1. Restricting to the range 36-64, what's the tally of residues that are closer than 17 Å to residue 75 by Cβ, open to solvent by less than 40 Å² (accessible area, probe 1.4 Å) and not charged (D, E, K, R)?
2. So which residues in the range 1-24 are at pLDDT 90 or above, over 22 Å from residue 73 (Cα atoms), within 12 Å of the chain's Cα centre (by Cα) and open to solvent by less than 90 Å² (accessible area, probe 1.4 Å)?
3. Restricting to the range 26-35, what's the tally of residues that are modelled with pLDDT under 95, aliphatic (A, V, I, L, M) and either in contact with a Ser or Thr (Cβ under 7 Å, 6 or more places away or on another chain) or surrounded by 12 or more Cβ atoms within 10 Å (Cβ to Cβ) (or both)?
Amino acid sequence: MRRVFKPNIDLFYYQARAGAEVDFLLRRGAENLELLQVTQTLSSLKTRERETRALCQGAEDLKLSKLTVLTLDTEEIIRVAGAQINVIPCRKWLAASW
């Protein structure tokens, strides 16, 4: 992430009030921008539920709508609990310009 990280963007770990852990919270100053989860694959139902639950809890706490799961090679959109979670390969996320 340091290779493509943009100036004035801070990176934090976030623990939702309900206890779920979110890998990364991206912020610019006091503005929360995005929640990110990172996992090799979402093929396991247990992993999929854990990652999406954490993002939904964090989104509810922080009133965020930009939710992303970075994976090795999966690309899809997950709609759960009224939220849209973008699942994209890490290489594609790293290559994208912000």
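The values are calculated or read from the model by the stated rules, or taken from the named source; none is laboratory data. Note that the coordinates shown come from a computational prediction; the quantities given were computed from them, not determined experimentally. Neighbour counts run over all protein chains shown; Cβ positions are idealised from the backbone, glycine included. For the accessible areas, the whole protein counts, side chains as well, though only heavy atoms, and no ligand, DNA or RNA atoms are used. Shrake-Rupley method; radii C 1.70, N 1.55, O 1.52, S 1.80 Å.
1. First, the residues of the range 36-64 that are closer than 17 Å to residue 75 by Cβ: 36-43, 47-48, 51-52, 55.
Checking the rest, the ones that are also open to solvent by less than 40 Å² (accessible area, probe 1.4 Å) come to 36-37, 39, 42, 47, 51-52, 55.
Next, from what is left, pick out any that are not charged (D, E, K, R): 36-37, 39, 42, 47, 52, 55.
Final tally of qualifying residues: 7.
2. 14, the sole residue that qualifies.
3. Residues that pass the stated criteria total 2.
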